[in-house]
1. Name the residue that is nearest to Leu275 (Cα to Cα), counting only residues in the stretch 78-99 that are touching a residue at least 40 places away in the same chain (Cβ under 8 Å) and of a type outside the set (A, V, I, L, M).
2. Among what's in the stretch 133-158 and is assigned to a loop (DSSP other than H, G, I, E, B) and under 18 Å from the mean Cα position of the chain (by Cα), pick the residue that is nearest to Pro99 (Cα to Cα).
3. When you scan the stretch 246-284, how many residues do you find that are assigned to a helix (DSSP H, G or I) and not hydroxyl-bearing (Ser, Thr, Tyr)?
4. May I ask you to say which residue of Asn167, Asn235, Asn144, Asn212 is under 17 Å from Ala113 (Cβ atoms) and either among the basic types (Lys, Arg) or surrounded by fewer than 18 Cβ atoms within 10 Å (Cβ to Cβ) (or both)?
5. Could you tell me whether Asp65 is of a type outside the set (A, V, I, L, M), at negative phi and buried (at least 20 other Cβ atoms within 10 Å of the Cβ)?
6. In the stretch 31-72, which residues are part of a loop (DSSP other than H, G, I, E, B), over 18 Å from Met271 (Cα atoms) and at pLDDT 85 or above?
7. Scanning the stretch 85-106 for residues that are modelled with pLDDT of 95 or more and either in a loop (DSSP other than H, G, I, E, B) or of a type in the set (Asp, Glu) (or both), which turns out farthest from Glu122 (Cα to Cα)?
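The values are calculated or read from the model by the stated rules, or taken from the named source; none is laboratory data. Not measured: the values here are computed from a predicted model. Using ideal geometry, Cβ is built from the backbone for each residue, glycine included, and neighbour counts are taken over all protein chains shown.
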Amino acid sequence: MIFHYENNLLSSIMSEKNVVINFPQIMGIINVTPDSFSDGGKFIKTDNAIKHGLALIEDGADIIDVGGESTRPGAESVTEEEELKRVIPLIKELKRQNPNIKISIDTTKFIVAKAALDEGAEIINDISGLTNDIRLAELARNYNASIILMHLKGTPQTMQQNPSYENVTNEIFEFLKERIELARNHGVKSIIADVGIGFGKNLEHNLELLRNIDVFKRLKVPLCLGISRKAFIGNILGIETPSDRDVPTALIHALLLSKNIDIIRVHNFAMIIMLKKLWEVIKI
């Protein structure tokens with residue numbers, strides 16, 4: 001009996017060793033806004049944002065996500081003109097200084113996305129999942145760009161007003177499945193899904209999605225995960241200041257490494273790089 005048990009244990013260990021775990025691509029965030037929940041105003045000056053973006057790439061970031069409109073709970077929308085003024089000079093200068101930088105434009109607006117793609121952005125990060133403007137799918141097709149389709153219940157102004165679901169995992173899975181099919185029907189070749197942690201979800205919804213994140217691999221597209229400094233971390237640990245949530249953000253990403261998330265979107269890039277270096281040395 002002991003012999004058989006040891007054989008079964010060895011077989012189990014060998015099977016686990018054969019599972020390939022890749023560290024996610026790291027998406028560094030640059031919010032060119034005065035009112036971001038985490039770092040509002042820090043990079044509103046283009047020079048500061050350029051230095052930060054170049055430093056992120058030099059230190060190992062795979063993607064820079066540039067946003068010119070805050071999507072924190074209760075945030076007011078800005079005009080196309082204002083958003084363009086915030087993001088386009090930054091994207092243009094980043095690409096001029098380093099043409100190899102991969103840039104994602106975090107917007108729901110057609111005009112902003114098109115201008116960003118014209119300046120060399122390669123990814124549209126659409127938090128509305130094509131519910132705000134279906135023409136974003138046509139842009140992605142025409143520019144051969146990738147598009148991130150996220151689930152958002154309501155709008156940033158209303159999303160945290162008592163969100164409710166019958167089954168949060170199933171409902172968001174079906175939403176993303178339908179959005180992916182819609183994008184494909186518009187000719188988009190490269191699609192990424194995002195469950196939208198913190199966007200129209202309460203604490204239990206967010207935890208349920210993280211516990212069941214494997215389910216979303218059935219969508220058969222890469223997964224992007226944005227948990228960085230989110231309020232649910234503060235709710236669990238009693239941490240009010242967003243920047244003080246960087247350590248638990250990294251810890252959660254460490255716990256999820258076995259889930260093979262494809263892209264993680266983070267504020268404190270240096271901490272995630274430390275996690276990556278440790279993972280590369282210690283991984284079995």
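1. Asn98
2. Across the stretch 133-158, the extreme among qualifying residues is Ala145.
3. Final tally of qualifying residues: 25.
4. The match here is Asn144.
5. yes
6. Val32, Gly68, Glu69
7. The selected residue is Asp106.
Conditions tested, residue by residue: (1) closer than 27 Å to Gly60 by Cβ; (2) surrounded by 14 or more Cβ atoms within 10 Å (Cβ to Cβ); (3) of a type in the set (Val, Ile, Thr).
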site	(1), (2), (3)
Gly198	yes, yes, no
His205	no, yes, no
Phe216	yes, yes, no
Leu223	yes, yes, no
Lys230	yes, yes, no
Ile264	yes, yes, yes
Met271	yes, yes, no
Lys277	yes, no, no
